[in-house]
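First the structure, in the form of structure tokens, and then the observations on it.
The values are calculated or read from the model by the stated rules, or taken from the named source; none is laboratory data. Keep in mind that what you see is a predicted model, and the values were worked out from it rather than measured. Reconstructed Cβ throughout: ideal geometry from the backbone, glycine too, with neighbour counts over all protein chains shown. Ligands, DNA and RNA are excluded from the accessible area calculation, which covers all protein heavy atoms including side chains. Shrake-Rupley method; radii C 1.70, N 1.55, O 1.52, S 1.80 Å.
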Amino acid sequence: MNMSHVERYFADFLSALESVNSTISLHSGDKEWGGVPSKVTLPKNLFIIGTVNVDETTYMFSPKVLDRANVIEFRVTKDEMGDYLNSLISPDMKKLKGKGAHMAQDFVSIALGEIGKVEGLSDKLTPFFNDLQKVGAEFGYRTASEVSRFISVYNSMNGGTDDNDAIDAAIVQKLLPKLHGSRNKLASTLEILAKLCLNEGQEVFSESTKHEDTKYPISYEKLERMHERIIA
């Protein structure tokens with residue numbers, strides 16, 4: 001999706017997401033032009049999922065796009081790479097046919113459902129807002145609403161009462177992708193954010209601090225990688 005500027009070619013779609021009627025204008029006529037209607041309405045069961053590469057040939061997402069999306073980072077572990085190299089076979093794509101089709105109705109109904117209130121969310125997210133504000137990357141009402149909805153749905157699907165896993169995923173998908181800049185701008189902020197991901201008594205970016213023992217392990221591991229790169 002980022003071989004070109006997403007916020008430019010996707011501008012009409014982003015605007016439709018914000019409008020009441022969710023419509024995109026195609027031309028100025030009142031009637032169809034060659035079978036093309038004057039506008040289209042985005043259906044409620046339409047979800048856009050795209051892949052992104054980050055290298056010198058691509059464009060980074062702007063805050064306008066990031067505010068309206070969840071960024072899921074896929075990483076390959078050492079064990080996964082070892083398993084792959086030890087079993088180099090062509091994947092049988094036919095085995096995937098029809099998998100997950102039964103999930104579509106539930107997916108749409110959950111997406112259109114009411115947002116459940118997440119108790120204590122303000123106390124957990126406000127410190128992140130305050131620290132991100134120092135580098136001009138604080139989140140707004142839209143992001144706060146989407147995070148709240150994400151955590152509510154996450155908890156309802158997992159049947160758990162501990163919000164830490166859901167908050168961890170929300171931080172790494174919604175808040176951290178907006179952080180970029182120079183070492184002088186971000187180094188101290190990354191340390192502060194990492195501290196918010198730790199339990200009491202743990203040291204920031206210390207070899208003695210194991211990812212799996214932290215309050216928000218996925219976010220902490222991501223922040224540690226970002227800090228190492230910016231220092232390098």
Starting with the highest mean, order 24-32, 130-138 by the number of other Cβ atoms within 10 Å, averaged over the residues of each peptide. 130-138, 24-32
Accessible area of the chain belonging to carbon and sulfur atoms, whole % at 1.4 Å probe: 53 percent
For the stretch 25-71 and the stretch 208-232, distance of Cα centres in Å: 34 Å
Sorted by packing (mean other beta-carbon atoms within 10 Å per residue), highest first, where do 209-220, 63-74 land? 209-220, 63-74
Could you pull the accessible area for Phe128 with a 1.4 Å probe, rounded to 10 Å²? 10 Å²
Which of Phe61, Val135, Ser152 sits closest to the plus end of the dipole of the stretch 54-197, meaning its Cα is farthest towards the positive end, when Lys and Arg get +1 and Asp and Glu get -1 on the C-beta? Phe61
With no solvent and one equal point scatterer per Cα, compute the Debye intensity ratio I(q)/I(0) for the stretch 177-232 at 0.13, 0.16, 0.19, 0.23 Å⁻¹ and report its log10, rounded to two decimals. -0.28, -0.42, -0.59, -0.84
Checked against the positive end of the charge dipole of the stretch 161-232 (+1 on Cβ of Lys and Arg, -1 on Cβ of Asp and Glu, about the Cα centre), the farthest of Tyr220, Ile171, Leu186 is Leu186
Sorted by mean Cβ packing within 10 Å, highest first, what order do the peptides 146-159, 99-112 take? 146-159, 99-112
Between 0 and 90 degrees, rounded to the nearest ten: what's the tilt of helix 121-133 against the longest Cα principal axis of the chain? 90 degrees
Leaving out ligands and nucleic acids, note down the accessible area per residue over the stretch 151-232 with a 1.4 angstrom probe, in whole Å². 54 Å²
How large is the charge dipole for the stretch 80-232, taken about the Cα centre, if only the Cβ atoms of Lys, Arg (+1) and Asp, Glu (-1) carry charge, to the nearest 20 debye? 760 debye
Using only Cα atoms, find the angle between the long axis of helix 183-196 and the longest principal axis of the chain, and express it within 0 to 90 degrees, rounded to the nearest 10. 80 degrees
Among (i) 1.19; (ii) 1.33; (iii) 1.12, only one was calculated for this model; which label is it, if the read-out is Cα Rg over 2.2 N^0.38 Å? (i)
